[in-house]
1. Restricting the first residue to region 457-480 and requiring it to be at pLDDT below 95, which pairs with a second residue that is in a helix (DSSP H, G or I) meet a Cβ separation below 8 Å and a spacing of at least six or different chains?
2. May I ask you to say which residue of Ala228, Ala197, Ala220 is within 30 Å of Gln533 (Cα to Cα), assigned to a helix (DSSP H, G or I) and modelled with pLDDT of 95 or more?
3. Take the residues in region 262-302 that are small (Gly, Ala, Ser), loosely packed, with under 14 Cβ neighbours inside 10 Å and part of a loop (DSSP other than H, G, I, E, B); name whichever of them is modelled with the highest pLDDT.
4. Taking the conditions exactly as written (in a helix (DSSP H, G or I) and at pLDDT below 80), does Arg53 satisfy them or not?
5. Is there any pair linking a residue in region 117-132 that is within 19 Å of Asn481 (Cα to Cα) to one that is surrounded by fewer than 23 Cβ atoms within 10 Å (Cβ to Cβ) and of a type in the set (Phe, Trp, Tyr), with Cβ under 8 Å and at least six apart or on different chains, and which?
6. In this structure, does Glu486 turn out to be touching a residue at least 60 places away in the same chain (Cβ under 8 Å), on the phi < 0 side of the Ramachandran plot and not aliphatic (A, V, I, L, M)?
7. Within region 418-434, which residues are more than 17 Å from Pro381 (Cβ to Cβ) and surrounded by fewer than 12 Cβ atoms within 10 Å (Cβ to Cβ)?
Amino acid sequence: MAERTEGTEDTADTEGAEDTQDTERTEAPPETEAEPETPAEPEQPQGPGRGARIITGLRRFFEPRLVRLAAAVVAGLLLCASFPPFDLWYLSFVALALLAWVLIDERTTPAGGFGYGMLGGLAFYTLLLPWISNFVGPVPWLMLSALEAFFTGVFGLTAVLVRRLPTWPLWFAALWVAAEWLKSTVPFGGFPWGVVAFSQTDSPLLPLAQLGGAPLVSFAVALIGFSATAIVLEAVRHWRHDHRTGAAAPPEVFIPGICIAVVLLLTVLAWPHVRKAGAGAGDDPAINVAAIQGNVPRLGLDFNAQRRAVLDNHVRETKQLAEDVRAGRAPQPTVVIWPENSSDIDPLVNADAAELISAASAAIHAPILVGTVLAAPEYTPEHPVTTNSVIVWNGTDGPGDRHDKAIVQPFGEYLPWRSFFRLLSSYADRAGYFVPGNGNGVVTAAGVPIGVTTCWEVIFDRAARQSVLNGAQLLAVPANNATFDEPMSVQQLAFARLRAVEHDRYVVVAGTTGISAVVAPNGQVLERTEFFQPGYLDRQVRLKTDLTLATRWGPVINGVLIAVGVSALLAAMLHNRNLVRRREAAAADQDGSPTAPDTDTDTESEQG
């Protein structure tokens, strides 16, 4: 349509329509008046960018959970501080109480319980296990920490499911024991490091190990911590209600109080017997046992030279002990215990190694328990499988009884799925080819039945128990911690201390680099060496034959505690299912039609 210009209307009647149309098509009219501009629409504000949306979403997620997230992390840190080398055993109660406070919160969902539990577990294990990175680097250390934290997450999830049941601290404690059993079993045989019981070797609760082993001690610690949370929460609820209304029912603290009282009563009943065991009964026969810590070269040798140097070091320290015995500075030992891998040169096939060990035994006039590596019967160059063994070696008779390590360490002494992991990391070729033995855990030296739990084995409940049930009157823990730091060695010493109380036996720990120690049946360390320092221990111990309740019934007690936790979980799931059905039925009665099922089995208002 043509634009309208000044004067166009005056000439429109005198000019022909065709001329006007032609003029409009061929030339622009003079001094055209611009059509008023249409006001521009206001620019629509654009939404926040992707980064801003992510930040907003994270803020919305974390802000209502920040206190609980922080509490879970603090709980993990406090739990780590209760273990060696910190040894603040009482912090374990605070840690578990704090974790329970997070899980009992009505806003915490089962998924949230898993997350909080795993977060606390990460804080715990990453600080407990840094020594692993010394040999394999940070990635396996962090992966192992995450794997172990997964089981703490499983506990958190199951705890949220059972929290509405009466006497929830009891069910929480049983589920904690179940989670510890699970992580001590799978995968690849489990990893019991970080079991709460091993933080209690200086605690008044340690005597409970004689009644039910490590599981009962863990249960007691968890029950006290969770019951304390229940008491505090109930007291706070009572105080708030009283201030609002002026009256409130008495706080329901009876059951949590009873739980704590029962734990303390059992401890008081067990304590006198453990204390007496530490002193030793007058009719228990006594012998002197020596532990040799030869130390290892730390720099400058190739593999074969290193192995020979380690053997030479232990021979030298044994001969030094023999000189001190002749000079009257040390008592004559009945048995000498060398560490794990004290002779990585197989003395059964290497005459030079055999001659050195025989000379050391002859010098000290006692048999030596020698830690060595032997070719397995199925050994071939293409399949170089070996056993991690302890041989009783006498200077006159040569090799005698032998213990082949029955619980070998995955990813260290052997590599599961080796062909698969070789595709992922060069570390696969550094793992050993050890195969487990199938003995009864006992060797006889100088007529004394000695239970042997080699290094890694002492962590597992079944190893020491098997030895004692098969007649061991003394427990030996040959160990090789040269690859790791001192914190790992003191944590391992805590395992030995609990085993001493659990089975009412003296325990002699012999380490290549330390810590070597003699532990009494009450868990007291009678004598110990320093880390990376050569030396020996020579101490009188008593041979004991009595069997404790933990030795006889330990697995049954553990099974009962696990069954209690699993039963509570099943009861909670059944209760939640019935609750959903009642809600559906009530909604159907009100509306006259069925409603969509409520998928939240715990509480409608939970926010994670």
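The values are calculated or read from the model by the stated rules, or taken from the named source; none is laboratory data. Here the structure is a predicted model, which means the values were calculated and not measured. As a convention, Cβ positions derive from the backbone with ideal geometry for all residues, glycine included, and neighbour counts pool all protein chains shown.
1. Asn480/Cys455
2. Ala197
3. Step one: list which residues in region 262-302 are small (Gly, Ala, Ser), which gives 270, 277-282, 286, 290-291, 294, 300.
Going one step further and asking which of them are loosely packed, with under 14 Cβ neighbours inside 10 Å, we end up with 279, 281-282, 286, 300.
With the extra rule that they be part of a loop (DSSP other than H, G, I, E, B), the set shrinks to 281-282, 300.
Details: Ala281: 60, Gly282: 68, Gly300: 50.
My answer is Gly282.
4. yes
5. Leu128/Trp193; Leu129/Trp141; Leu129/Trp193; Pro130/Trp141; Trp131/Phe484; Ile132/Trp141; Ile132/Phe484
6. Details: touching a residue at least 60 places away in the same chain (Cβ under 8 Å): yes; on the phi < 0 side of the Ramachandran plot: yes; not aliphatic (A, V, I, L, M): yes.
So Glu486 fits the description; yes.
7. Passing the criteria: Ser419, Phe420, Leu423, Leu424, Ser426.
Residues are listed down the side, and each one gets a yes or a no for (1) at positive phi; (2) buried (at least 19 other Cβ atoms within 10 Å of the Cβ); (3) modelled with pLDDT under 75:
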| position | (1), (2), (3) |
| --- | --- |
| Tyr536 | no, yes, no |
| Val541 | no, yes, no |
| Lys544 | no, yes, no |
| Leu547 | no, no, no |
| Gly565 | no, yes, no |
| Thr595 | no, no, yes |
| Asp600 | no, no, yes |
